[in-house]
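The values are calculated or read from the model by the stated rules, or taken from the named source; none is laboratory data. Remember, it's a predicted structure, so these values are computed and weren't measured experimentally. Counting neighbours? That spans all protein chains shown, and the Cβs are built from the backbone with ideal geometry, glycine included.
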Amino acid sequence: MIREMKGLVVLFSLFLLNAAERQDLSGKMFTFPVESNTHHVVLSPETNKIFFAVTVCLRAFSDISRAQSLFSLSLPSTDNGFLIYKQKQGAYSVYVLGQSAEFWGLQDESNVWNSVCATWDASTGLAQLWVNGIPSSRKGIKAGSSLTGAPKIILGQEQDSYGGKFDTVQSFVGMLTDVHMWDFVLSPHQITYYTYGGMIQPGNVLKWNSLEFSRNGYVVIENKETSRKAGNG
């Protein structure tokens, strides 16, 4: 009987860990403490509309020098529907519907908070990356396209299939905070405000101050004050 009760407690604990929840995460962060091909957070968007424009902003803190995924959105039609992927320090890729644009010479650092915003406008195909308030060159990806279908949005892993097929060497290790997503392109002024902690309109697709999510595996929610305060954010 005692063994059965222990089993039920373990199963209930796992259910709580994986159950979707909504929280105001202002002043908090997701900590991904170890490399894995399992540990991740699933984000639930506010809308399932067709996207003709996207802005995603987040802050990342890591000491990993290898490539790692910062934000992975997959669609039924393609795994890399909208992906922000850090290749190495100062070098990033943005994928839209499986096609990538490479951005080089961006000013980021290890072991500090780095603010990253990625934008894409379907009407022109122009994508741009902002790191710590400094814009990249604009690059063209998938002009005239749209993001269609129910998105699966994951932090901590890069999706090589719709909602799965993770690879340890692409996993994020470190802390993420202030994740927002909009269905339009933020202005340079708004991105500057975000970078330096100013008040902006929260994301209308994902907003950190009212985020629905589920944690899977070893992911910890902590107060951001527990991290070393340096850099932007």
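Remarks
- Residues in the range 58-89 that are part of a loop (DSSP other than H, G, I, E, B) and within 19 Å of Ala118 (Cα to Cα): Ser62, Ala67, Gln89.
- In the range 44-76, of all residues being farther than 27 Å from Ala143 by Cβ and hydrophobic (A, V, I, L, M, F, W, C), the one that is surrounded by the fewest Cβ atoms within 10 Å (Cβ to Cβ) corresponds to Ile64.
- Candidate set: the range 59-74, residues that are of a type in the set (A, V, I, L, M, F, W, C) and under 15 Å from the mean Cα position of the chain (by Cα); chosen: the one farthest from Val131 (Cα to Cα): Leu73
- Qualifying residue in the range 177-186 (condition: touching a helix residue (DSSP H, G or I) at 6+ places or on another chain (Cβ under 8 Å) and over 16 Å from Leu43 (Cα atoms)): yes
- Flag if Gln201 is part of a loop (DSSP other than H, G, I, E, B) and either of a type in the set (S, T, N, Q) or in contact with an Asp or Glu (Cβ under 7 Å, 6 or more places away or on another chain) (or both): yes
- Residue list for the range 189-225, filter: surrounded by fewer than 18 Cβ atoms within 10 Å (Cβ to Cβ), in contact (Cβ under 8 Å) with a residue 60 or more places away in the chain and under 15 Å from Thr119 (Cα atoms): Asn204
- Scanning the range 32-42 for residues that are surrounded by fewer than 20 Cβ atoms within 10 Å (Cβ to Cβ) and not in a loop (DSSP other than H, G, I, E, B) returns a single hit, Val42.
- Residue check for Ser145: part of a loop (DSSP other than H, G, I, E, B) and surrounded by 15 or more Cβ atoms within 10 Å (Cβ to Cβ): yes
- Filter result for Tyr194 (closer than 25 Å to Glu212 by Cβ, out of contact with any Pro (no Cβ under 9 Å at 6 or more places or on another chain), at pLDDT 95 or above and not in a loop (DSSP other than H, G, I, E, B)): yes
- Just one of the listed residues (Val96, Val169) is within 16 Å of the chain's Cα centre (by Cα) and under 27 Å from Ser65 (Cβ atoms), and it is Val96.
- For Thr55, the test of being touching a strand residue (DSSP E or B) at 6+ places or on another chain (Cβ under 8 Å), part of a loop (DSSP other than H, G, I, E, B) and at pLDDT 95 or above is failed.
- Any chance Ser110 is part of a strand (DSSP E or B), under 21 Å from Ser171 (Cβ atoms) and either among the charged types (D, E, K, R) or free of Cβ contacts under 8 Å to residues at least 60 places away in the same chain (or both): no
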